[in-house]
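**Student:** Right, I'll just put the structure down here and ask away after.
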Amino acid sequence: MRSLNDIAEEYDFLEGDERYRLLIELGRDLEPMPDPLKTDATLVRGCSAAVWVYPTGDADQLHFLADSNAAITKGIVALVISAVQDKPAKEVAQMDIAAALDPFDLKNQLSSNRTQGVPNMIALVQEHAARIAAA
């Protein structure tokens, strides 16, 4: 998975539809999430599209599998995951993920329907990280 900084550099050079294409590409590049993991327990609430996030790994290296049934939303999911993927749980629990996503200006680039679930996804990731870090 590409780093968030690398993605931000590319995103910055693009405009309009090219940015949508990049998000779709990022979504396609997500590690596949097996269908049996797409359950009510892994569903992120508040998203207009279905979004699933499944945490794996341990306190030293959190890893997430994620998916969505909508291409652009899946790209946004990929952005969030790239911010936290394979980092220590303690770091993820304390990270300002929303600030890390600021360079993408998602609220102004995309409809509110596509971004409304982002805070819930961030909260889910950080709650898991905090539980693992405290264990």
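The values are calculated or read from the model by the stated rules, or taken from the named source; none is laboratory data. Values in this document were obtained by computation on a predicted structure and should not be read as measured data. Cβ coordinates were reconstructed from backbone atoms using ideal geometry, including for glycine residues, and neighbour counts include every protein chain displayed. When the accessible area is computed, the model is the full protein with side chains, heavy atoms only, and any ligands, DNA or RNA have been set aside. Shrake-Rupley method; radii C 1.70, N 1.55, O 1.52, S 1.80 Å.
**Student:** Would you indicate which of (i) 44, 28, 23; (ii) 39, 38, 23; (iii) 82, 32, 23 is the value of Cα extents along the principal axes in Å derived from the coordinates of this structure?
**Tutor:** Evaluating Cα extents along the principal axes in Å on these atoms matches (i).
**Student:** At 7 Å along the Cα-to-beta-carbon direction for both Asp96 and Arg28, put a label point, then send me their distance in nm to one decimal.
**Tutor:** My value for the distance between the label points is 3.5 nm.
**Student:** Moving on. Identify all lysines with a Cα-Cα distance to Lys38 below 16 Å; exclude those on the same chain that are fewer than 8 residues away in sequence.
**Tutor:** Qualifying lysines at Cα under 16 Å: Lys74.
**Student:** Quantify, in whole percent, the carbon and sulfur part of the accessible surface of the chain (1.4 Å probe; protein heavy atoms only). Could the numbers behind the result be given before it?
**Tutor:** Working: 3450 of 7220 Å².
Carbon with sulfur: 48 percent of the solvent-accessible area.
**Student:** What FRET efficiency do you get for Glu9 and Leu43 if R0 is 25 Å and r is their Cβ-Cβ distance, rounded to the nearest 0.05?
**Tutor:** 0.20
**Student:** Let me ask something else about it. Using each residue's phi in the stretch 41-54, evaluate 6.51 cos²θ - 1.76 cosθ + 1.60 at θ = phi - 60° and report the 3J(HN,Hα) Karplus result to the nearest Hz, with x for Gly and Pro.
**Tutor:** Rounded to whole hertz, the list is 5, 9, 6, 7, 6, x, 8, 5, 9, 6, 10, 10, 9, 10.
**Student:** Quick test of the membrane-span-like rule: which DSSP H helices of the chain reach at least 15 Å along their long axis (C-alpha atoms) with mean Kyte hydropathy at least 1.6? Could the numbers behind the result be given before it?
**Tutor:** On the way: long enough: 16-28 (19 Å, -0.78); 71-84 (20 Å, 2.11); 118-134 (24 Å, 0.72).
What comes out of the filter, once short or polar helices are dropped, is 71-84.
**Student:** Name the long-range amide H neighbours of Leu62: under 5 Å, sequence gap of 5 or more, or other chain; modelled H, no Pro or chain starts.
**Tutor:** Correct list: Asp86, Lys87, Ala89.
**Student:** Are there trypsin sites (Lys or Arg not before Pro) in the stretch 38-135 that DSSP marks as loop and that have at most 15 other Cβ atoms within 10 Å, and which are they?
**Tutor:** Values: sites: Lys38, Arg45, Lys74, Lys90, Lys107, Arg114, Arg131; in loops: Lys38, Arg45.
When the trypsin sites (Lys or Arg not before Pro) of the stretch 38-135 are filtered for loop state and at most 15 Cβ neighbours within 10 Å, Arg45 remain.
**Student:** A further question on this structure: Would you mind calculating the relative contact order of the stretch 1-101 from Cα pairs under 8 angstrom and at least 6 residues apart, reporting the percent as a whole number? List each step's numbers first, then the result.
**Tutor:** On the way: 137 pairs, mean separation 28.2, N = 101.
Reported relative contact order: 28 percent.
**Student:** Now for a different question. Using only DSSP helix segments of four residues or longer, with each worth -39500 (n - 2.57), what per-residue ellipticity at 222 nm results for the chain after dividing by its residue count and rounding to 500?
**Tutor:** On the way: 8 runs with 72 residues, N = 135.
Calculated at 222 nm, the ellipticity per residue is -15000 deg cm²/dmol.
**Student:** Label points 7 Å out from Cα along the Cβ direction at Glu127 and Arg2: separation in nm?
**Tutor:** That separation, rounded to one decimal, is 3.1 nm.
**Student:** Still on this structure, please answer the following. Over the chain, with the other protein chains present, what is the accessible area per residue in square angstrom, probe 1.4 angstrom? Can you show the working numbers first?
**Tutor:** Numbers: 7220 Å² over 135 residues.
Dividing the accessible area of the chain by its residue count gives 54 Å².
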